[in-house]
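Student: Let me begin by handing over the structure; questions about it come next.
Every number in this text was worked out from the coordinates using simple rules, so none of it is lab data. Model, not experiment: these values are computed from the prediction. As a convention, Cβ positions derive from the backbone with ideal geometry for all residues, glycine included, and neighbour counts pool all protein chains shown.
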Amino acid sequence: MASVIKLALKLKARLEFTLQEGNQALTETINLHHYIAAASGLDWEYTILVVMRPTIADLAKKAGVSVATVDRVLNRRLPVREDTVLRVVKAAESIGYHATGLLKSRLTETPKRRFGFLLQKPDAFYQTLGKELVAATKAVRAVEGKPVLEFIEEVVPSTLAEGLLKFSRNVDAVAVVAMDHPMVNDAVEKIIALGKPVFTLLSNITSPLCCGHFGADSRKCGRIAGWTISRLARQPGKIGILVGSHRYLNQELSEISFRTFMREHAPEFQLLEPIVNLDDDDIAYEAITELVEKTSDLVAIYVSGGGQEGLIKALRERKSDTKLIAVCNELTPATRAALHDGVIDLTLGTPFAALARRLTEVMAKATTGAELPHLPPLMLPPDIHMSENI
């Protein structure tokens, strides 16, 4: 049975045709394309222009957006405003775009996002922080989050900057523990320029483009340390101070706040110049051992950064009946045991769970919104641990 073909040429070179095969009919509207076809099998022959289905460029033009924006909507590559997605969907419906159904699904499905966490050496502290960040990422409801966790051993600005750029290529958002340095700031700004949000953890940086900071309140940490030492020390004397690096702004602020408190409330104590230990336990151990041996009127030590195990080792080996007051950071197996034994008196801990939850919630919003955020620092009160509450 011969096919019957009805042709109706519309204005602006749009073509609608119906192919009749017995009792079944198929009608399709297609866009203009230079394609020559012949309707044959009849007593005469038509030469017609057949138009291919709408392309992504046609859809972008109809929606008034770029092809890249349509691609982001289709493939969830980067955040797109909801009203823009709706405009693309309506345009797709109006021109009969073949992936209209997929575009509509983008309005309701949970987007998938990879959250990257670049931490420092994998000691007990950073392992605990990493576990909380992984758990918080999986608990986020706004996105289907996949945590990507890496540790970096060599913490120097050039290595960190290079590692940060490489790490960022495979994630949708980055949170990093970093020192404040031009090379690190430059790497952060390059990542943000690509449309990926970057947040700092524990210690802030000075780049104005950084999307936000999450950490313990360093000012409160320093002042709590000052309050503790001024009240526990049995007599005035010298106080030793250790910092990991002045490039870590949280440690710098803790030291400044400690000095401010002591200047205001306990001026009878003499604060020594800070010793830089690069957050290294061996360096801390050597520095504190020498400090104890050479400073007869030493009454307290405040470690505002890392090196807690070096502090504990040096104090355990100290041969003296005089009690030294010691305040340091984080509750780890080593500091917990030292608190129980009375070797140290107080630790100021990072509230891991609360920090991880707040950070991942913001990362989810940052990777699904239209614009990258620029949030004020979120400074959480530190957890205070002593022998009687652990």
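Student: Tell me the trypsin sites (Lys or Arg not before Pro) within the range 137-235 that lie in a loop according to DSSP and have at most 10 other beta-carbon atoms within 10 Å.
Tutor: Here the trypsin sites (Lys or Arg not before Pro) that fit, given the DSSP loop and packing criteria, are ARG141, ARG169, ARG234.
Student: Could you let me know the centre-to-centre spacing of the range 296-370 and the range 166-211, using Cα atoms, in angstrom?
Tutor: When both Cα centres are located, 26 Å separates them.
Student: Also, quick follow-up: Spin-label point model (7 Å from Cα, Cβ direction): what's the GLU153 to GLU268 distance in nm?
Tutor: Result for the modelled spin labels: 5.0 nm.
Student: For labels at ALA193 and THR128 in the simple 7 Å Cα→Cβ model, what's the distance in nm?
Tutor: Spacing of the two 7 Å Cα→Cβ label points: 4.0 nm.
Student: Given a Förster radius of 22 Å and the C-beta distance between ARG231 and LEU278 as r, what FRET efficiency does 1/(1 + (r/R0)^6) yield to the nearest 0.05?
Tutor: FRET efficiency, ARG231 to LEU278: 0.10.
Student: Then there is this: Taking amide H atoms as placed 1.01 Å from N in the peptide plane, list the residues 5 or more away in sequence, or in a different chain, whose amide H sits under 5 Å from that of ILE325.
Tutor: Distant-sequence amide H within range of ILE325: ALA300, ILE301.
Student: List, in the order given, every pair from LYS61/LYS365; LYS121/LYS190; LYS138/LYS365; LYS146/LYS166 whose Cα-Cα distance in the structure shown is over 22 Å.
Tutor: LYS61/LYS365; LYS121/LYS190
Student: Between ASP297 and LYS146, what is the label-to-label distance in nm when each label sits 7 Å out along the Cα-to-Cβ direction?
Tutor: Modelled inter-label distance: 6.3 nm.
Student: Let me ask another. Please work out how much length the chain gains when fully extended from ILE56 to ARG169, using 0.36 nm per residue of separation minus the C-alpha to C-alpha distance, in nm with one decimal.
Tutor: Extra length available between ILE56 and ARG169 comes to 38.1 nm.
Student: Of the peptides 252-264, 287-299, how do they stack up when ordered by the mean number of other Cβ atoms within 10 Å, highest first?
Tutor: In descending order of packing, they fall as 252-264, 287-299.
Student: Projecting each Cα onto the charge dipole of the range 57-209 (Lys/Arg +1, Asp/Glu -1 at the beta carbon, about the Cα centre), which of THR100, GLY64, VAL143 comes out farthest on the positive side?
Tutor: Highest projection toward the positive end goes to THR100.
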